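A.B. asks: This is the structure, below, for whatever I ask next.
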Amino acid sequence: MIKSLSSSRFALPRALALIGTSLIALGQAGIAAAQTAPQSASAGTATDPGEILVTARRQVESLQKVPDSVTVFTAKTLEDARVRRLDDFVAMTPGFEIHDGESAGVFRMSIRGITQTNQGDAPVTMVVDGVTLPYANSFGKALFDVQQIEVLKGPQGSLYGQNAIGGAVLVTTQQATNDFSARLTGSLGTREHRELTAVVSGPVVQDKVLFRVSGYLSHDGGDMSYAYFPKKKTSVERRQALRGDLTFKLTDNFTAVIGADVGHSFYGALPLIIRTLSAGSGIPNVTTDQLNQTIRLNRPNQTSPDLPRTKQNYWDVSAKLDWDLGAVTATSVTAYQEVNEREVQDLDVSYIPFVYGHLNNLISAFSEELRLSSNSDGPFHWVVGGYMLKVNRHYDIDPAFINVTLLTTGNTDPAAAVYVPFSQTLQQQDLDSYALFGQAEWDVTDKLQLTFGGRYDYDPRENLVTGFTLAGPNAPLRQKRTFKQFQPKASIRYSFSSDANVYATVARGFRAGGFNSGANANVLPAFAPEKTTAYEIGTKLALLDRRVNISAAAFYTDYKNQQLSLVSVGAGGVSQDNFTVDKTRIQGVEFNMQARPVTGVQLEFGYAYTDGKIKKFGASLTGSAFNPAAYVGNKVPLTSKYTLNGAAQFTQPLTDTIDGVARIDVERKGSLYWEPDNNAKRKPFTLVNMSAGIRTEMWELRAFGDNVFGKRYDSLFFDNLFVGAPGGFNFAYVSRASRYGVEATVRF
């Protein structure tokens, strides 16, 4: 069926009709099961067992009613699965992947085949307590004291903006409480693992002014030794974060929440290792044999263990104001955010002391959103609003240093190295965005609902590149582009009952273009915006008194100007640039199930199959090393053929007050290609996490194991055909090893 989608110009309607017929049949079977199952006494209310409430459409409603593919993680699931970072819940979301680089701010995402470029805009918008994070570097914040996470897949631009071309991630932190409460969670484990979370919440003025303060500390000692410094470990990590909120309920109709968040992280970098010997040295005064004699395959070969490291500091403040005006609610969300990231990298990767560089990334952003939403209980619901985002970004390779001892004498001893600055690239960008948006849902009948939405984005952007090389200063490169797009969305949902429905959605997706550094002649100075037209049909079923919840979807995406990365390392330094592929086709299916078959047993299962294919490559990537014509028909890079995740949790009363709890999480990823030439491929692999312990209402104690079977895999791979690294070898970032430990929680 998947293959047939590309067989003719009638393939898409035929395939959607076929899948739609199947889903309708599944929905009809679901209604029969729902009608024969015992009904909850509170059917249709938020207290129903198994009902999950979401805010995906800017209103609180049952997940069952949303005509989109949505994966939801409640506070209990986040706690049970020990979710602490972006990677953790992404691993539990079918069709969503993170490919980690050297730090939490340097990674590439992929969702339904829509990928993130290196240091570029993410394919999803991430919204924390109503505040849109301005750049992917801020996505790496520690996740603690979180109430719920919603992952919406498919274009969500009509409500969440231009970077929601592949979806949106909505994070809701725990809110301030009118009663005093506190919680302390700590863990100790192997590889010097230490972690502490503390939360305090309560009233300042009863019923009027409430507060919540939470803090997070963690330390990890790393897991892989450097080849030439065996006592030093890679991927050392230290993180600190503090968050505070004040909630003002000054009248029955007005609520204000003032929040602040600050954090610092240090990363010793994931291990960057050499996978192949050199086919021809590109390092001056070093022969291929000399280089290969120093290479230790599959080990970090850096000249110094202090070179690969990243420091990240961030802080943000926000104010969310809600006025209940009777027929409508007016909401204002104002935020200011800063992220400062400083990296030091051994750019040549090898033990030969040749080139290293400082990479600085400073991002500041101010945003304002105003919206009105209806309060009616009738058949018509709507939201309209305006949004402004002003981002200033400084991205500098400041500067790159070269070993003059090696250049002048050929001496390869790191102790004799003398480094001098040889190039610097300063890139300053103003990335503004202005938007008007709206969406409405109309309950035509008790069973039929129509949704229409749209957003107009106007994004003026400016770029200034300056710098120097040993030959002298570079001429400034000034660029201006304005990207604008209307993103419509339409959905239809038919409900056989409150527990069984089918839906169909069509939406336009958009991600703005951008600017390259100008240092690489193989790419254009600027790259074009992305546009998608996405079709989705699906069903949602709640069976057996909502003890079993099932969702299934099929999607098809026409993709124009897909943005991909070209990372180049050479004697002139490093450049991280983007190019576009003219036309791509992506299609797939997804399935989710949550079940509580018997008391004390909870099961979760998710599966996604994604088939992305390059239909027309175009001419935005040039140079003798590339053959774009040969890439047509190849698979889209950074997208696993399939992802599968499953979890089982068992709770057994041991006494009247103590329960025993055990959980296992399994994640499997299919094969993927790293670059559009499909030359380098990652094989499928499986990861397993486990935990077991005892708990009461007041405390909990458990043992845990992350990646218990010690599977190591490449999180990012750099094929020399696409990188052109000195030495002519392939290199990769490698995943973290196993972690084992114990964790305790006390609630007050």
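The values are calculated or read from the model by the stated rules, or taken from the named source; none is laboratory data. Note that this is a predicted model, so its numbers are computed, not measured. Here Cβ is always computed from backbone atoms with ideal geometry, including for glycine, and neighbour counts include all displayed protein chains.
A.B. asks: Out of contact with any His (no Cβ under 7 Å at 6 or more places or on another chain), modelled with pLDDT of 95 or more and charged (D, E, K, R): does that describe Arg747?
C.D. replies: Considered against the rule, which asks whether it is out of contact with any His (no Cβ under 7 Å at 6 or more places or on another chain), modelled with pLDDT of 95 or more and charged (D, E, K, R), Arg747 comes out as yes.
A.B. asks: Residues to consider are Asp398, Asp348; find the one that is more than 26 Å from the chain's Cα centre (by Cα) and either part of a loop (DSSP other than H, G, I, E, B) or at pLDDT 90 or above (or both).
C.D. replies: Among Asp398, Asp348, only Asp348 is more than 26 Å from the chain's Cα centre (by Cα) and either part of a loop (DSSP other than H, G, I, E, B) or at pLDDT 90 or above (or both).
A.B. asks: While we're here: Given Thr622, Thr610, Thr651, which one is out of contact with any strand residue (DSSP E or B) (no Cβ under 7 Å at 6 or more places or on another chain) and among the β-branched types (Val, Ile, Thr)?
C.D. replies: Thr622
Yes or no, residue by residue, for (1) under 15 Å from the mean Cα position of the chain (by Cα); (2) assigned to a strand (DSSP E or B); (3) crowded, with 21+ Cβ neighbours inside 10 Å:
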site	(1), (2), (3)
Arg82	no, no, no
Asp88	yes, no, no
Pro94	yes, no, yes
Met109	yes, yes, yes
Thr117	yes, no, yes
Ala122	yes, no, yes
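A.B. asks: While we're looking at this one, here's another question. Can you confirm whether region 677-696 contains a residue that is in contact with a Pro (Cβ under 7 Å, 6 or more places away or on another chain), among the hydrophobic types (A, V, I, L, M, F, W, C) and closer than 30 Å to Ala552 by Cα?
C.D. replies: no
A.B. asks: Modelled with pLDDT under 95, of a type in the set (Ser, Thr, Tyr) and under 30 Å from Arg712 (Cβ atoms): which single residue out of Ser158, Ser235, Ser218 fits that description?
C.D. replies: Ser235 is the lone residue from the list that is modelled with pLDDT under 95, of a type in the set (Ser, Thr, Tyr) and under 30 Å from Arg712 (Cβ atoms).
A.B. asks: Checking Ile363 against (1) farther than 18 Å from Val567 by Cβ; (2) β-branched (Val, Ile, Thr); (3) more than 21 Å from the chain's Cα centre (by Cα); (4) surrounded by 19 or more Cβ atoms within 10 Å (Cβ to Cβ), which single condition isn't satisfied?
C.D. replies: Of (1) farther than 18 Å from Val567 by Cβ; (2) β-branched (Val, Ile, Thr); (3) more than 21 Å from the chain's Cα centre (by Cα); (4) surrounded by 19 or more Cβ atoms within 10 Å (Cβ to Cβ), only one is false for Ile363: (3).
A.B. asks: So, in region 530-550, of the ones that are of a type in the set (Asp, Glu) and part of a strand (DSSP E or B), which residue ends up surrounded by the fewest Cβ atoms within 10 Å (Cβ to Cβ)?
C.D. replies: Checking each candidate, the answer is Glu536.
Condition check ((1) free of Cβ contacts under 8 Å to residues at least 12 places away in the same chain; (2) closer than 30 Å to Arg212 by Cβ; (3) aromatic (Phe, Trp, Tyr)) across all residues:
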position: Tyr226; (1), (2), (3): no, no, yes
position: Pro230; (1), (2), (3): yes, no, no
position: Ser235; (1), (2), (3): no, no, no
position: Asp245; (1), (2), (3): no, yes, no
position: Val257; (1), (2), (3): no, yes, no
position: Leu291; (1), (2), (3): no, no, no
position: Gln312; (1), (2), (3): no, yes, no
position: Asp324; (1), (2), (3): no, yes, no
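A.B. asks: A further question follows. Applying the selection to region 124-176, what residues are over 18 Å from Lys489 (Cα atoms), part of a helix (DSSP H, G or I) and of a type in the set (Ser, Thr, Tyr)?
C.D. replies: Hit for region 124-176 is Ser138, nothing else.
Per-residue answers, yes or no, for (1) surrounded by 22 or more Cβ atoms within 10 Å (Cβ to Cβ); (2) over 22 Å from Pro628 (Cα atoms):
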site: Pro488; (1), (2): no, yes
site: Gly509; (1), (2): yes, yes
site: Phe515; (1), (2): yes, no
site: Ala528; (1), (2): no, no
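A.B. asks: Going through Asp659, Asp665 one at a time, which residue ends up being at pLDDT 95 or above, farther than 23 Å from Gly166 by Cβ, charged (D, E, K, R) and surrounded by fewer than 19 Cβ atoms within 10 Å (Cβ to Cβ)?
C.D. replies: Result: Asp659 is the single residue among Asp659, Asp665 that is at pLDDT 95 or above, farther than 23 Å from Gly166 by Cβ, charged (D, E, K, R) and surrounded by fewer than 19 Cβ atoms within 10 Å (Cβ to Cβ).
A.B. asks: Do you know which residues across region 300-339 are assigned to a loop (DSSP other than H, G, I, E, B), surrounded by fewer than 20 Cβ atoms within 10 Å (Cβ to Cβ) and out of contact with any Pro (no Cβ under 8 Å at 6 or more places or on another chain)?
C.D. replies: Of everything in region 300-339, those that are assigned to a loop (DSSP other than H, G, I, E, B), surrounded by fewer than 20 Cβ atoms within 10 Å (Cβ to Cβ) and out of contact with any Pro (no Cβ under 8 Å at 6 or more places or on another chain) turn out to be Asp306, Leu307, Leu325, Gly326, Ala327.
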